[in-house]
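The values are calculated or read from the model by the stated rules, or taken from the named source; none is laboratory data. For clarity, every value in this text was computed on a predicted model and none was experimentally measured. Because the Cβ atoms are built from the backbone with ideal geometry, glycine has one as well, and the counts that use them run over all protein chains shown.
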Amino acid sequence: MHIIETINIILSRSKYRFLYLFLIIIICVSIIIPIINTFNHNIIILKNINYDITKASDYIEIFIILITTVILYIKSNKSELNRYKENYNFYKNKYSKLELISLKNKTIISSSIDYLKLKHIYFNNINLKDIEFILNDCNYSLPFLIEEKGREILIEKFNIQEKTDYNGLTLSLKSIDFYDNKLKFNFCKSYYFQYLLTNMIPEYEIIPNLTIRDLVESPSTKKLNSIDDSLAENHLGISSLISINIDNETFLIIPKRTNDTTVFKGQLSPSVSGAANIQTCKNDMDEVSINNFFKLELEEELKYFIESIFKKNEYIEFSTNFIKETKLIGISRELKRLGKPELFFYYSSSLSTSIDLVNQNRCYDVEFLDKSNVIVFTTNNKEKERRKKLKENNNIDLNENESYLLIRYDKIMNFMEEEKIKSKSKSSYQGYEIYNILNINNRKFKLSESLLINLSFINNL
């Protein structure tokens, strides 16, 4: 029914409406010809046209079913390229009144804007204790047209029957207040599926020639709606880069995400990252807290890795000091995901180890690249078995990382490049996609937008 509805909408446009009349004529003629031949075989024009209308209609019906199946197969593609444009030029044009974040002497350009710079907000040494989360008595509501089509889109684009898409209770950001070098974030309750319907598929055509981006954001203004006025769900992203010491050199912890994640599949990400939701942010006193978010995310994403290359008791010291000492270094709004807000932090850990001890870990296969400036940790069979058992027992594997890279802090910019790939996909812009990558000994790793922005803010420290 969805395909028929789409065809109806397209053909209803004035410049295509004549096709209805053309189709009507074709159908009428195809029905009339065999009827005339039945009663009169002397019409010269029709003598060589001889077919059984029932057989012809069977072929047409099979053809329509085949075409419909092909269209449904194409539209069921869940890849990220069908969700947003992987080309910063699209955002430069769409939001020409905004300045995109860039780094490495402005040769690496992102698809995000600096929220604090846009708002002329300047701060000094904001720690987690200076950030307040307020959950207000309100609920996020989807724009009416998206709500009307919501069930259809969730099945088509996300296949919500899969257990990888869990409809948790999230926090929709409504406003940010800044005063006395402190930040206050005001939230309403929302659901993860509402985020999928707005921020995650902005280039989806809700009706032909009208994308969710154009429905939620006015394309003529060349600007982005403020967070206070935004119609998107906008749950808050939180990311932090973390550095440790190996043989007196500072290394950044850079995880590589699995291909099972909803966003940034297989790409490099900040050391710890996630989104503000009720489950991760509520503490034992039933209050939402950014401290609680980081405590949980650190344990899910880094504890196993930290304990594998340091002593087990050092993780407790590491996580405790992180909560006390990590610094806010910036806030962005990601244009790929309709202005989704994200907080970025940096923590320089005092943890120290040696290459010899790193090599002795039993959880990961270790590989050294570029004269040991990059160390790659790939999950070994023991870790793979542990994750496999989690899935077999219908448990959710909360660690979304398949491997980790340790990269020297002072060398990472040397590996950064822009990669342009030609594409004939409808989802591409100007016929190509642009990715930011780390090229290490001709091994290419895609950077997620979050990691790119986190590095940009660190570069400005």
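Just a few scattered comments:
- All positions within region 286-302 that are in a helix (DSSP H, G or I) and either over 16 Å from Y347 (Cα atoms) or not β-branched (V, I, T) (or both): N291, N292, F293, F294, K295, L296, E297, L298, E299, E300, E301
- In region 117-131, the residues that are of a type outside the set (G, A, S) form Cβ pairs under 8 Å with partners that are surrounded by fewer than 16 Cβ atoms within 10 Å (Cβ to Cβ) and assigned to a loop (DSSP other than H, G, I, E, B), at six or more places apart or across chains, as follows: K117/E99; F123/N181; N124/N181; N125/N181; I126/N181; D130/N181.
- Near pairs, Cβ below 7 angstrom, 6+ apart or cross-chain, from region 409-436 (over 30 Å from L241 (Cα atoms) and at pLDDT below 95) to any residue that is of a type in the set (F, W, Y) and surrounded by 13 or more Cβ atoms within 10 Å (Cβ to Cβ): K422/Y432; S423/Y432; Y429/F90
- Boolean, R362 is at pLDDT below 80, within 25 Å of F310 (Cα to Cα), outside any helix (DSSP H, G or I) and in the same structural domain as G330 (by TED's automatic domain parsing): yes
- Scanning region 105-132 for residues that are of a type in the set (G, A, S) and over 20 Å from the mean Cα position of the chain (by Cα) yields a total of 0.
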